[in-house]
Amino acid sequence: MKAAVVIEAGKPPRYSDFADPTTEQGEVLVTVRAAALSQLVKSRASGTHYSSTGPLPFVVGVDGVGHLDDGRRVYFVLPRSPFGSMSERTVVASSQCVPVPDDLDDVTAAAIANPGMSSWVALSERAQLSAGETVLINGATGTAGRLAVQIAKHLGAGRVVATGRSPEALKGLGSLGADLTIPLGDEGDAFEQALRAEFAGMGVNVVLDYLWGRSAEQILTTGARTGKDTVPIRFVNVASLSASTITLPSAALRSSAISLLGSGIGSVPLDRIARSIEQLLKVTRSAGFGIETKSFPLSEVADVWPTAENRPRIVFRIP
């Protein structure tokens, strides 16, 4: 079969032949129709993600949309290594497949599942968001962050505060549901003052963090100093787009009611991640969730891979 295959470490995948998969107990064979390119896919392919596994060569891709042998159209996640989603066929545990609604096309379903899941799982499974609570989304101008604004409102957030580096991109978040936007700027005094006003005012119940780094440090320390004792803060890290580490004084945790959590592969069981994705896909059209996409045939993977950016979402069509 044809697939996007990593043959050499640190090099983009090539469109080449790869052995056909065969199923093992509990698995299903999927004929793939669409698979999205994400930062997770790229970092797993390069071997830098914490969940990267398996020797070379291997097929890239962590999720996609396709058909089972009985004709059912499904979204699937985490095929068995060395098989990935960017191939004509792959194998995956049957429990890691969920139905795709008829009103959702292959490209949109493949594009929205992973970035939408990041906030859906973080808010519902990790933060256990309650209706009416305030959510601060740190890094809300990328694909996942923009969806997080929409999903937070859909899941019942009473107020959504969004941060981002681009003032122009922040302006568009109001129409998606953001009640307040805070520019990161140089993450200096102005950012901290805005945070203090928010924590000391109505208070923040949940922080959904896509950036980590300096802005996460400031949110945690400011929340510890000025947050209300009656409004415990659940800080959920989803990604580390700014930096992989932070410096956090231990007093920030001892002196406050902050709960520091993570959301990702390993922190939530795969069956619950799959259930969250099924819920997301069911309401994507009715809730009006939007995502910018651009699709390419899989045969162009070597050319598209190095130039792909966070927006629009790149989806490879197969075959």
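Looking only at region 294-311, how many residues end up being outside any helix (DSSP H, G or I) and more than 11 Å from LEU37 (Cβ to Cβ)?
Counting residues in region 294-311 that are outside any helix (DSSP H, G or I) and more than 11 Å from LEU37 (Cβ to Cβ) gives 2.
Can you name every one of the strands (runs of 3 or more DSSP E) wholly within region 206-283 that holds 2 or more residues which are surrounded by 17 or more Cβ atoms within 10 Å (Cβ to Cβ)?
206-209, 234-237
Might you check whether a residue that is part of a loop (DSSP other than H, G, I, E, B), of a type in the set (Asp, Glu) and modelled with pLDDT of 95 or more occurs anywhere in region 76-92?
Checking region 76-92: at least one residue is part of a loop (DSSP other than H, G, I, E, B), of a type in the set (Asp, Glu) and modelled with pLDDT of 95 or more.
From the list GLY172, GLY201, GLY177, which residue is more than 18 Å from ALA127 (Cα to Cα) and over 21 Å from the mean Cα position of the chain (by Cα)?
Exactly one of GLY172, GLY201, GLY177 is more than 18 Å from ALA127 (Cα to Cα) and over 21 Å from the mean Cα position of the chain (by Cα), namely GLY201.
Checking ALA144 against (1) buried (at least 24 other Cβ atoms within 10 Å of the Cβ); (2) without any contact (Cβ under 8 Å) to a residue 60 or more places away in the chain; (3) assigned to a helix (DSSP H, G or I), only one condition comes out false. Which one?
(2)
Could you say whether any residue in region 122-134 is touching a Pro at 6+ places or on another chain (Cβ under 6 Å), under 21 Å from ILE182 (Cβ atoms) and part of a helix (DSSP H, G or I)?
no
Please find, within region 294-310, the residue that is surrounded by the most Cβ atoms within 10 Å (Cβ to Cβ) out of those that are over 26 Å from GLU125 (Cβ atoms) and under 18 Å from the mean Cα position of the chain (by Cα).
ALA308
If you take the residues of region 10-36 that are assigned to a strand (DSSP E or B) and of a type in the set (Lys, Arg), which of them is surrounded by the fewest Cβ atoms within 10 Å (Cβ to Cβ)?
Step by step, filter region 10-36, then rank; the result is ARG14.
The values are calculated or read from the model by the stated rules, or taken from the named source; none is laboratory data. Note that the structure is predicted; figures quoted are calculated from it, not measured. All Cβ positions, even for glycine, are placed from backbone atoms using ideal geometry, and neighbour counts span all protein chains on display.
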